[in-house]
Amino acid sequence: MSQPQSPFMFITDLDHTLVGDNNALAELNQQLQQHRQTHGTVIVYSTGRSLTLYRQLLTEVDLLEPDFLVLSVGTVIYSKGSETPSQDWIDYLSPDWDRTKVVAIAQSFPALTPQPESEQTQFKASYVIDGEAAQTVLPQLETALRTAQLDTQIIYSSAQDLDILPRRGNKGAAVAFLQEQVGMSGDRTVVCGDSGNDIAMFEAAAAKGIVVGNAKPELRGWYTNQATAETYLADAHCAGGILEGLLHFKFLD
Ligand SMILES: [Mg+2]
């Protein structure tokens, strides 16, 4: 059996990765839907959006219903047909996470503006800070969190969005979790992204990667300095770049 006829797990970021070129998206949707029906391919969206903002996006663009939905930068996971987030994932993220303390420390930095309430989750404290201020504030914030012995990670994306997450939770850890849930190997997993919060997916232990042609500087920088042969930088933008990468890796033919 040749490779394009086997199921794979397709994991993609939404904004500026899957979404951004409606013509290419329609073509990709059609191919993925057919592959899922025929071969059992698993479709996963992994986004920084909350459930509220994801539902808003559904009113704007045509998306396939995913088999898994990873929201809020890897801190919430829904599986198809379930109304409640995965309890296994909640149990995995809970140890050593103290949101109240994290927020108290973040509040001591006036340059950090909290994002709307809908973007705050049990395992994510989110702020906005511009790129220039971030250069000085981020190292100080990291030090303050470490000094307080809070086991967190800071993810900065698109020169504005700052997320503080449990050390164990991000888009990359969610990839590993889903691979185990579904029983899919790294050879048959592909992740796609365009910005800083996607780097964790590309660094996930085992998966092929597609960086879309319109990727932001922080991800391009990562690609130039740290990417392995398992990562493909596409010429085309958004869904067109994903299609290009899926053909390159022979997930599709
Ligand atoms: Mg994106």
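The values are calculated or read from the model by the stated rules, or taken from the named source; none is laboratory data. Predicted model only: the values in this text are computed from it and were never measured. Here Cβ is always computed from backbone atoms with ideal geometry, including for glycine, and neighbour counts include all displayed protein chains.
See the values below:
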item: Options D235, D253; residue that is at pLDDT below 95, under 24 Å from L63 (Cα atoms) and part of a loop (DSSP other than H, G, I, E, B); result: D253
item: Answer residue from region 212-245, given it is of a type in the set (A, V, I, L, M) and touching a Cys at 6+ places or on another chain (Cβ under 8 Å) and is farthest from the ligand (Cβ to nearest atom) among those; result: I242
item: Filter pass, L165 being buried (at least 22 other Cβ atoms within 10 Å of the Cβ), in a strand (DSSP E or B), in contact with a strand residue (DSSP E or B) (Cβ under 7 Å, 6 or more places away or on another chain) and not hydroxyl-bearing (S, T, Y); result: yes
item: Selection from region 125-162 of residues that are of a type in the set (A, V, I, L, M, F, W, C), within 23 Å of the chain's Cα centre (by Cα) and surrounded by fewer than 18 Cβ atoms within 10 Å (Cβ to Cβ); result: V128, L138, I154, A159
item: Qualifying positions in region 3-24 - under 20 Å from the mean Cα position of the chain (by Cα), within 16 Å of the ligand (Cβ to nearest atom) and not charged (D, E, K, R); result: F10, I11, T12, L14, H16, T17, L18, V19, G20
item: Residues that are part of a loop (DSSP other than H, G, I, E, B), more than 30 Å from D91 (Cα to Cα) and at pLDDT 95 or above, drawn from region 110-136; result: P110, A111, I129
item: Any hit, region 27-48, residues being acidic (D, E), more than 16 Å from the ligand (Cβ to nearest atom) and at negative phi; result: yes
item: All positions within region 114-128 that are touching a Pro at 6+ places or on another chain (Cβ under 9 Å) and of a type in the set (D, E, K, R); result: K124
item: Y54 being within 16 Å of the ligand (Cβ to nearest atom) and surrounded by 17 or more Cβ atoms within 10 Å (Cβ to Cβ); result: yes
item: Answer residue from region 195-253, given it is in contact with a Pro (Cβ under 8 Å, 6 or more places away or on another chain), farther than 24 Å from F177 by Cβ and not basic (K, R) and is surrounded by the most Cβ atoms within 10 Å (Cβ to Cβ) among those; result: L252
item: Meets criteria (modelled with pLDDT under 95, of a type outside the set (A, V, I, L, M, F, W, C) and surrounded by fewer than 21 Cβ atoms within 10 Å (Cβ to Cβ)) for Q3; result: yes
item: Yes/no for A144 being touching a residue at least 24 places away in the same chain (Cβ under 8 Å), assigned to a helix (DSSP H, G or I) and over 20 Å from G48 (Cα atoms); result: yes
item: Test: G209 is at pLDDT 95 or above and within 16 Å of the ligand (Cβ to nearest atom); result: yes
item: Tally of residues being among the polar types (S, T, N, Q) and not in a loop (DSSP other than H, G, I, E, B) across region 169-225; result: 6
